[in-house]
Amino acid sequence: MVFSSLIFVFVFLVLNLTILLFCGSIRTQNIVMLVSSLIFYAWGGPKLVFLLCGMTLVCWLGALVVERMNGGLRKAALAVTTVIVLGLLGYYKYANFLVANFAAITQLDIAVPNIVLPIGISFYTFQLLSYVVDVYRREVPAQRKYWLLLLYASLFHQCIAGPIVRYKDIFEDITDRSVNMQDISDGIMRFSVGFAKKALLANTCAVLADTFLPAEQAALHGASSLAILCGGIMYMLQIYLDFSAYSDMAIGMGRMVGFHYRENFNYPYMSTSVTEFWRRWHISLGTFFRDYVYIPLGGNRCSVGRHIFNMFVVWGLTGMWHGASWNYILWGLYYFVLLVLEKYVFRFEKNPVLYIRALRHVYLLVVTLLGWYLFRFEDLGMLGTALAGLFCMNGNPLADASTTMTLVNYCFFIIVAIVACTPLASRIGNWLRKGASSSGSMATVYGTLLTLVPIVLLFFSFISLIGNSYNPFLYSQF
């Protein structure tokens with residue numbers, strides 16, 4: 001079950017919110033949320049719930065031990081807990097990859113295991129690790145009740161698609177939260193925007209990306225340069241609209257029931273450098289690596305060589321986190337190289353040409369687009385074909401009639417998708433809210449428009465999903 005399915009929106013979520021409406025105490029609400037979350041997660045494989053519960057149990061016990069110990073025993077308890085949790089993540093996510101590569105290198109006839117990747121394991125693993133580390137740092141008290149920590153780890157709002165929520169940000173919400181009409185209204189609006197982003201925009205961008213960038217080697221080899229370029233741009237739009245849509249829906253659902261999750265995207269394509277892009281893209285992942293890997297390694301308060309090494313480790317791990325395939329590792333290292341160049345070579349603030357905002361924005365979009373080709377193609381041969389075809393090095397044409405006609409037919413949609421990656425819609429929403437809260441004669445009109453927006457978005461999203469079997473879930477690899 002995924003957020004963008006009709007059964008989730010109009011059955012599961014409605015039932016969950018309706019039952020919560022009649023729950024008086026926070027304890028009862030938490031029990032309902034826990035049961036709902038476990039049912040939601042079990043939908044994709046009942047056996048995988050045991051892994052989630054088991055990893056939570058390890059971290060619950062580990063944090064209790066860490067809190068009570070001092071000195072070396074405290075560090076040892078943290079280390080053991082971390083090794084167990086990361087070991088489980090490594091087994092389920094990377095065992096197939098490691099065995100296959102070992103067999104290829106040694107030329108040994110080794111059977112590659114067929115280990116099913118639990119959906120969302122990277123998200124809840126990082127959440128649980130951040131909890132144990134924060135207890136170790138004495139930033140939060142250890143949770144005495146196992147089932148409340150399991151609630152934190154399994155909350156269906158963000159369990160399988162993020163954002164990576166830290167325990168210290170919501171532990172007060174777990175035990176003491178309240179909801180008012182403004183929270184409900186803002187939550188419904190945010191969820192509706194995310195749902196529309198996914199159903200109306202991201203899914204169509206996915207269709208266009210798959211059309212322009214065929215999955216077959218022969219078809220990709222013959223694709224025109226224009227088709228490959230447009231396919232990359234469509235994938236670039238799809239991946240942002242899809243990722244940010246799920247974050248919007250998670251934040252909105254949490255707000256409706258009293259949980260306050262931090263923002264995860266801040267219009268990253270408006271950036272003018274890779275450094276700024278990664279402050280705006282998947283913020284919860286970036287801050288996790290910053291706080292739990294980069295800073296403990298020494299951050300930038302060290303020699304240049306050590307700083308570059310710290311960045312290498314962080315971006316190598318960032319690539320690995322996204323998937324067990326060489327293209328993801330190369331994608332992470334690609335950004336490592338760009339960030340090193342920006343820090344020590346480009347120095348935008350000291351270069352009068354590169355300091356021009358428009359040029360830096362174009363630079364960001366170009367290098368990000370090239371990065372998404374790396375991210376899309378797990379087969380490195382396909383990646384090479386796509387990049388060569390982009391510059392007409394496959395003997396392929398510059399353009400073709402089919403691509404041109406498709407662009408003409410979808411030109412207005414593409415414009416809307418591009419605008420959705422900018423703050424324009426958010427600014428219009430803020431303008432409507434400001435008008436609705438004023439005392440002028442137009443306040444009622446603004447308020448009516450605010451009420452109609454989520455209704456209209458939900459209606460058209462519903463219509464879009466009826467009979468549409470193409471509803472890709474990009475997070476299955478995480």
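The values are calculated or read from the model by the stated rules, or taken from the named source; none is laboratory data. This one's a predicted model, so the numbers in the text were calculated from it and none came from an experiment. Note: ideal-geometry Cβ built from the backbone for every residue, glycine included; neighbour counts use all protein chains shown.
Tabulated results
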| item | result |
| --- | --- |
| Residue that is under 23 Å from LEU333 (Cβ atoms), touching a Phe, Trp or Tyr at 6+ places or on another chain (Cβ under 9 Å) and not acidic (Asp, Glu), where the choices are TYR294, TYR246, TYR235 | TYR235 |
| Residue among VAL362, VAL416, VAL366, VAL345 that alone is of a type in the set (Val, Ile, Thr) and in contact (Cβ under 8 Å) with a residue 60 or more places away in the chain | VAL416 |
| Those residues of region 33-89 which are assigned to a helix (DSSP H, G or I), among the aromatic types (Phe, Trp, Tyr) and touching a residue at least 12 places away in the same chain (Cβ under 8 Å), in sequence order | PHE40, TYR41, TRP60 |
| Residue in region 128-138 that is under 21 Å from the mean Cα position of the chain (by Cα), outside any loop (DSSP other than H, G, I, E, B) and polar (S, T, N, Q) present | yes |
| Looking only at region 295-315, and only at residues there that are closer than 18 Å to LEU129 by Cβ and modelled with pLDDT under 95, the one that is surrounded by the fewest Cβ atoms within 10 Å (Cβ to Cβ) | PRO296 |
| Any hit, region 364-382, residues being under 20 Å from ASP186 (Cβ atoms), in a helix (DSSP H, G or I) and not basic (Lys, Arg) | no |
| Only listed residue being more than 24 Å from the chain's Cα centre (by Cα), at pLDDT below 90 and outside any helix (DSSP H, G or I), chosen from LEU98, LEU108 | LEU108 |
| So LEU339, is it of a type in the set (A, V, I, L, M) and closer than 21 Å to LEU220 by Cα | no |
| Single residue of TYR152, TYR92, TYR124, TYR146 found to be crowded, with 22+ Cβ neighbours inside 10 Å and either of a type in the set (Val, Ile, Thr) or in contact (Cβ under 8 Å) with a residue 40 or more places away in the chain (or both) | TYR124 |
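For (1) touching a residue at least 24 places away in the same chain (Cβ under 8 Å); (2) part of a loop (DSSP other than H, G, I, E, B); (3) farther than 21 Å from ARG360 by Cα; (4) of a type in the set (S, T, N, Q), each residue gets a yes or a no:
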{"site": "MET234", "(1), (2), (3), (4)": "yes, no, yes, no"}
{"site": "PHE243", "(1), (2), (3), (4)": "yes, no, yes, no"}
{"site": "SER247", "(1), (2), (3), (4)": "yes, no, yes, yes"}
{"site": "ALA250", "(1), (2), (3), (4)": "yes, no, yes, no"}
{"site": "PHE259", "(1), (2), (3), (4)": "yes, yes, yes, no"}
